[in-house]
Amino acid sequence: MARAPCARVRCWRWRRNPLRRRSDVVEAWVILAGWLLALVGGLLAGLAAADAIERSADRQRAERRTVSAVLVEDAKGKVPARTAGDPRVWATVRWTAPDGSTLTGEARVSATSLAGNRVPVWIDQSGHLTAEPLTDGQARSHAAAGGVLVATWAGGIALAAVSVARFHLRQRRMEQWAVEWERIDTRWGRKTG
């Protein structure tokens, strides 16, 4: 025997129906609010994260500057930089801080550099070595990736909250049905078992 296709009724929770329960309406509102929060909240959170990343990159570019440092030792035979494919190595350099003091630290330099060569290094406002700030293109790509990631997480959290709320609504509905069946069975003279 062939099964008849089940007709789906759209927006049935919103329609007037004598079988519609209050929990159906509450669930419809929870779903609507959750999706709106996921879309709008995710979008706003993503835009805020992207803006924060761009402002951070702008602040780094404003606070950091490049100075010329003197290589204290030959770079040949030194530990390679962590990044694969980077021909630079870590070596000790000396530079003058903005307050006039002489500082020493480790910086990445060309593997063929000799002691006494001048190499460019990046320093922060206090004169300590720091990483090169992000370029405009790098900052835009980091901001875009960070914004998409935060938007996805924010939307996912909102939808997860909707799922939890729907689970609890469904559990409550099942409890109500169990109570109603118990009441009907006892009225008919039977006990559920």
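The values are calculated or read from the model by the stated rules, or taken from the named source; none is laboratory data. Since we're looking at a predicted model, the values are computed, not measured. Cβ atoms come from the backbone with ideal geometry, glycine included; neighbour counts cover every protein chain shown. For the accessible areas, the whole protein counts, side chains as well, though only heavy atoms, and no ligand, DNA or RNA atoms are used. Shrake-Rupley method; radii C 1.70, N 1.55, O 1.52, S 1.80 Å.
What single numbered condition from (1) surrounded by fewer than 17 Cβ atoms within 10 Å (Cβ to Cβ); (2) part of a loop (DSSP other than H, G, I, E, B); (3) within 30 Å of the chain's Cα centre (by Cα); (4) not hydrophobic (A, V, I, L, M, F, W, C) fails to hold for P133?
Here P133 meets the rest and fails (1).
Among the residues of segment 163-178, are any touching a residue at least 12 places away in the same chain (Cβ under 8 Å) and of a type in the set (A, V, I, L, M, F, W, C)?
yes
Could you check, for segment 168-181, whether at least one of its residues is in a helix (DSSP H, G or I) and over 30 Å from L19 (Cα atoms)?
Taking every residue of segment 168-181 in turn, none turns out to be in a helix (DSSP H, G or I) and over 30 Å from L19 (Cα atoms).
Scan (1) on the phi > 0 side of the Ramachandran plot; (2) open to solvent by 50 Å² or more (accessible area, probe 1.4 Å) for the single condition A161 breaks and write down its number.
Unmet condition: (1).
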